[in-house]
Amino acid sequence: MNYEGLALPALRENLDKLDNEIILSLVERFKMTQAVGEFKKANNLPAFDESREDAIYSKLEAKAIEQGLDPEMLCGIWKLIIEEVKQNHDAIRQG
């Protein structure tokens, strides 16, 4: 989409809509990771999967470069998300 020529209020309105979409996507993502944590607990799997995490970061780096984003920035955001997921999985495992 081309945002050139839009007034500041319209640009901010679009940003607010995107922010809302990001939040809703995060809510859905955390619901899924909750289900993953429950599955891991039920099947006595570790809360942390290093190979999965490495694969996620590799995909993110490639996607960031492809889309013209800073890979460090994108991976930094995901690190926060993944750390929260790992804490949640630990909490699920502990009961």
Checked against (1) surrounded by 10 or more Cβ atoms within 10 Å (Cβ to Cβ); (2) without any contact (Cβ under 8 Å) to a residue 40 or more places away in the chain; (3) not acidic (D, E), L8 satisfies every condition except (1)
Of L74, L60, the only residue that is surrounded by 13 or more Cβ atoms within 10 Å (Cβ to Cβ), part of a helix (DSSP H, G or I), touching a Cys at 6+ places or on another chain (Cβ under 7 Å) and modelled with pLDDT of 95 or more is L60
Among the residues of segment 33-52, write down those that are under 17 Å from R93 (Cβ atoms) and either part of a helix (DSSP H, G or I) or in contact with a Pro (Cβ under 7 Å, 6 or more places away or on another chain) (or both). T33, Q34, A35, V36, G37, E38, F39, K40, K41, A42, E50, R52
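The values are calculated or read from the model by the stated rules, or taken from the named source; none is laboratory data. Worth saying up front: this structure is predicted, and the values here are computed from it rather than measured. Don't worry about glycine lacking a Cβ; one is built from the backbone with ideal geometry, like all the others, and counts go over all protein chains shown.
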